[in-house]
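Peer 1: Sharing a structure, written as C-alpha cells. Questions coming.
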Amino acid sequence: MKHIKVADLMTDEVVSVAPGTGFKDVAKLLAQYDISGVPVLDDEDRVVGIASQTDLLAHTGPGPHTSQQSTTAAVPPTAGDVMSAPAVAVRAEETAAGAARLMTRRGIERLPVVDVEDRLVGIVTRRDLLRMFLRPDSEIRRRVTGEVLTEVFGVPTGDVDVHVVDGIVTLAGQVERRSQLPALLSLVEQLDGVVAVASRVTARTDDTATTHEDQARHAMPW
C-alpha cells in the first residue's frame, strides 16, 4: 500500500543558519519568518543542530559566573553555542505518519528533512503533517475497499461494507477467517487520512482455536 511520504508534504525552501551566526541574528530570523526554530548547517549543508526559541530563551540574562566587577567585554553567543544537538531529523522517503509520531514523541514542532548524507533538503512542520488528514472520504473508502479488502485479503466485493465520514471508517460485514480481523483493523488504521476505525466485521470460521491447539501440541515435550 502507498503512504504519503515526508517529501510529499515538506517545504524545500528552508531558513537556516551557520554555527557562527550571531544570537541576535537568529532571533531576528525567527521573528521575521514567524517560526519556532532553524536548522544549523555546517559548510557542507549537513544539519548539526537546531536553534529554537527555547534554546535562545535559555541563554538570555547573566550567566552564573558573571561578575559585576568584570571589565572584560562578554562575547555574544552564536547559533552553535545555543543550539540543541544532535538535531532530530527525518529522511524524505520516510512516511508522514512516522514523522508525526516522532514529533509527538520528542515534543517538537518541526523536523529538518535530510538526504542519505544528512544534508538538508527541506523541513516539515506539524501544520504540514495535518494535511494528510484532509484526504477526501471517497479516496479513503476507495483505498480501504480496493487496497486492503480486495488486494490484501481477497474479500469479495459486497462482503464488507465501508463507510467513511470525516476520516472515521466504519466496517460491517464478514471475512472468511477470524485470524484476519486484527490484521484488517491494523491495516485500515495505518492508511493515510484515517482518524479512527469502528469495526463490526465478523468471521465465518474461527480458525484461532485450531491455531492455539496446534501451538500447544508443538510446545508439549514428547
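The values are calculated or read from the model by the stated rules, or taken from the named source; none is laboratory data. No experiment lies behind these values; they were computed from the predicted model shown. In this analysis, Cβ positions are derived from the backbone assuming ideal geometry, glycine residues included, and neighbour counts consider all displayed protein chains. In case anyone asks, the SASA skips ligands and DNA or RNA and just uses the protein heavy atoms, side chains included. Shrake-Rupley method; radii C 1.70, N 1.55, O 1.52, S 1.80 Å.
Peer 1: Condition check: under 30 Å from Arg131 (Cβ atoms) and either at pLDDT 90 or above or open to solvent by 70 Å² or more (accessible area, probe 1.4 Å) (or both). Does Val88 satisfy that?
Peer 2: Against the criterion (under 30 Å from Arg131 (Cβ atoms) and either at pLDDT 90 or above or open to solvent by 70 Å² or more (accessible area, probe 1.4 Å) (or both)), Val88 qualifies.
Peer 1: Sort out which residues of segment 187-203 are without any contact (Cβ under 8 Å) to a residue 40 or more places away in the chain, open to solvent by 60 Å² or more (accessible area, probe 1.4 Å) and over 15 Å from Leu149 (Cβ atoms), and write them in order of number.
Peer 2: None - no residue of segment 187-203 is without any contact (Cβ under 8 Å) to a residue 40 or more places away in the chain, open to solvent by 60 Å² or more (accessible area, probe 1.4 Å) and over 15 Å from Leu149 (Cβ atoms), so the list stays empty.
Peer 1: Return the only residue of Gly158, Gly167, Gly173 being among the small types (Gly, Ala, Ser) and open to solvent by 50 Å² or more (accessible area, probe 1.4 Å).
Peer 2: On inspection, the qualifying residue turns out to be Gly158.
Peer 1: So which residues in segment 68-85 are at pLDDT 90 or above and aliphatic (A, V, I, L, M)?
Peer 2: Ala79, Val82, Met83, Ala85
Peer 1: I want to confirm something. Restricting to segment 91-126 and keeping residues that are among the basic types (Lys, Arg) and open to solvent by 60 Å² or more (accessible area, probe 1.4 Å), which single residue is nearest to the chain's Cα centre (by Cα)?
Peer 2: Arg101
Peer 1: Residue by residue through segment 155-208, note down the ones that are in a helix (DSSP H, G or I) and over 28 Å from Ile4 (Cα atoms).
Peer 2: Thr208
Peer 1: Looking only at segment 127-136, decide whether some residue is exposed (fewer than 15 other Cβ atoms within 10 Å of the Cβ), of a type outside the set (A, V, I, L, M, F, W, C) and within 30 Å of Ile50 (Cα to Cα).
Peer 2: yes
Peer 1: Here's something else I'd like to know. So in segment 16-46, with the set limited to residues that are open to solvent by less than 40 Å² (accessible area, probe 1.4 Å) and either in a loop (DSSP other than H, G, I, E, B) or hydroxyl-bearing (Ser, Thr, Tyr) (or both), which one is nearest to Glu117 (Cα to Cα)?
Peer 2: Top of the filtered list is Thr21.
Peer 1: Could you check segment 126-180 and list, in sequence order, the residues that are in contact (Cβ under 8 Å) with a residue 40 or more places away in the chain and either more than 27 Å from Ala96 (Cα to Cα) or in contact with a strand residue (DSSP E or B) (Cβ under 6 Å, 6 or more places away or on another chain) (or both)?
Peer 2: Ile140, Val144, Val160, listed by residue number.
Each row is one residue, and each column tells you yes or no for (1) in contact with a helix residue (DSSP H, G or I) (Cβ under 6 Å, 6 or more places away or on another chain); (2) at pLDDT 95 or above.
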site: Asp161; (1), (2): no, yes
site: Leu191; (1), (2): yes, no
site: Ala196; (1), (2): no, no
site: Glu213; (1), (2): no, no
site: Arg217; (1), (2): no, no
site: Pro221; (1), (2): no, no
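Peer 1: Filter segment 145-155 down to residues that are more than 30 Å from Arg131 (Cα to Cα) and open to solvent by 30 Å² or more (accessible area, probe 1.4 Å), then give me how many there are.
Peer 2: 1
Peer 1: Another question, then. Show the residue pairs meeting these rules: Cβ distance below 7 Å; 6+ apart or different chains; first residue within segment 79-106 and of a type in the set (S, T, N, Q); second residue in a loop (DSSP other than H, G, I, E, B).
Peer 2: Thr95/His3; Thr95/Ile4
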